[in-house]
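Have a look at the structure below, then the notes.
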Amino acid sequence: MKKWNVATVKAAKGVQKLGCCTAYDACFARLADEAGVPIVLVGDSLGMNTLGYATTLPVNMSDTLAAVGAVARSVKDAMVVGDMPFGSYQCGDDKAVENAVAILKAGADAVKLEGGASVCGLIRRLTSAGIPVLAHVGMTPQSVNQYGGFKKQGKTREQAEQVLCDAKAVEAAGAFAVTLECVPSELAAEITAALKIVTVGIGAGPVCDAQWLVMHDLLGLNEKVPSFVKKYADLAKTVRGAFAEYVKDVQTGKFPD
Ligand code: KIV
């Protein structure tokens with residue numbers, strides 16, 4: 001299999017749909033890679049899925065660098081994208097470039113950051129410094145306090161125009177792909193048709209060029225999941241059952257034998 005990179009992801013538009021997911025550690029990154037996942041995102045959702053936070057906001061650069069390193073050392077073919085955590089690029093463009101460089105030095109092939117027109121200057125700086133950027137518009141979880149909750153975006157025509165403008169702006173600024181999170185599927189379809197770059201939807205319907213799912217949702221490790229998620233396994237039940245059986249076996253002397 002070939003190693004996925006910016007060029008192969010771009011070339012997939014209109015040719016092949018890409019099923020992509022998050023991973024935050026060596027074991028699951030290796031399994032996702034072996035299964036043929038083309039892009040593994042070390043999402044800032046690691047805050048909720050591995051660190052026990054309620055939002056992505058507390059995730060910091062050390063959390064990100066440790067997870068990116070573990071994932072990058074464990075994949076062969078997948079492209080690794082490192083999410084820039086909240087505060088790592090809202091602090092001025094010089095510091096943001098420094099943080100993006102650190103994410104690439106930890107092993108990522110590209111960074112992802114949230115925002116539309118407001119982050120285009122930074123996207124231009126990063127791409128001209130050789131740092132590929134996967135943008136993220138629509139519902140941007142780092143702005144949860146601004147929205148007053150994780151709410152679908154682009155529902156009114158005015159909001160939809162804004163999301164479309166943001167998507168066009170990040171493409172013009174040099175992003176190689178753009179995440180469309182929690183927007184109506186008709187809007188995602190309109191954006192996907194309007195852009196030359198790959199759209200990666202999450203809760204944005206079936207028309208996008210690629211999809212994200214959070215690993216813990218798709219594997220059923222998270223029992224409560226958003227309504228758009230399809231669970232491909234029920235690992236919470238399997239894992240809990242295995243732990244319980246082990247505890248019982250030790251108690252009853254069945255293990256070790
Ligand atoms: O951190 C995350 O999980 C994301 C999703 C869009 C996949 O950014």
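The numbers here are math on the coordinates, done by the rules we state, and not lab data. Bear in mind that the values here come from a model prediction, so they are computed numbers and not experimental data. Please note: Cβ atoms are built from the backbone with ideal geometry, for glycine as well, and neighbour counts cover all protein chains shown.
Tabulated values for the structure
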item	result
Test set (1) surrounded by fewer than 20 Cβ atoms within 10 Å (Cβ to Cβ); (2) closer than 23 Å to Val81 by Cβ - Gln162 fails condition number	(2)
Test: residue in the stretch 63-77 that is over 17 Å from Trp212 (Cα atoms), within 12 Å of the ligand (Cβ to nearest atom), among the hydroxyl-bearing types (Ser, Thr, Tyr) and buried (at least 19 other Cβ atoms within 10 Å of the Cβ)	yes
Residue check, Gly47 within 20 Å of Phe150 (Cβ to Cβ), within 16 Å of the ligand (Cβ to nearest atom) and part of a helix (DSSP H, G or I)	yes
Unmet criterion (only one of (1) away from the ligand (no atom under 16 Å from the Cβ); (2) touching a residue at least 60 places away in the same chain (Cβ under 8 Å); (3) within 16 Å of Met139 (Cα to Cα)) for Lys196	(3)
Qualifying positions in the stretch 1-49 - of a type in the set (Lys, Arg) and touching a strand residue (DSSP E or B) at 6+ places or on another chain (Cβ under 6 Å)	Lys13
Residues (under 19 Å from Ala106 (Cα atoms) and within 12 Å of the ligand (Cβ to nearest atom)) located in the stretch 51-62	Val59
Pair list, Cβ under 8 Å, 6 or more apart: the stretch 11-26 residue charged (D, E, K, R), other residue within 12 Å of the ligand (Cβ to nearest atom)	Lys17/Ala210; Lys17/Gln211; Asp25/Thr50; Asp25/Ala67
Residue tally, condition closer than 13 Å to Tyr24 by Cα, in contact (Cβ under 8 Å) with a residue 24 or more places away in the chain and of a type outside the set (A, V, I, L, M, F, W, C), over the stretch 52-106	6
Selection count, the stretch 188-198, where residues are in contact with a strand residue (DSSP E or B) (Cβ under 9 Å, 6 or more places away or on another chain) and closer than 12 Å to Lys10 by Cβ	3
Residue satisfying all of: in the stretch 119-167; more than 16 Å from the ligand (Cβ to nearest atom) and basic (Lys, Arg); farthest from Lys105 (Cα to Cα) among these	Arg157
Hits in the stretch 90-106 - residues which are outside any helix (DSSP H, G or I) and either over 17 Å from Arg73 (Cα atoms) or over 19 Å from the mean Cα position of the chain (by Cα) (or both)	Gln90, Cys91, Gly92
Yes/no for Val42 being touching a residue at least 40 places away in the same chain (Cβ under 8 Å), within 13 Å of the ligand (Cβ to nearest atom) and out of contact with any Lys or Arg (no Cβ under 7 Å at 6 or more places or on another chain)	yes
Test: residue in the stretch 69-81 that is assigned to a loop (DSSP other than H, G, I, E, B) and within 13 Å of the chain's Cα centre (by Cα)	no
Those helices (runs of 4 or more DSSP H) lying entirely in the stretch 110-176 with at least 2 residues within 22 Å of Ile39 (Cβ to Cβ) and not small (Gly, Ala, Ser)	120-128, 157-173
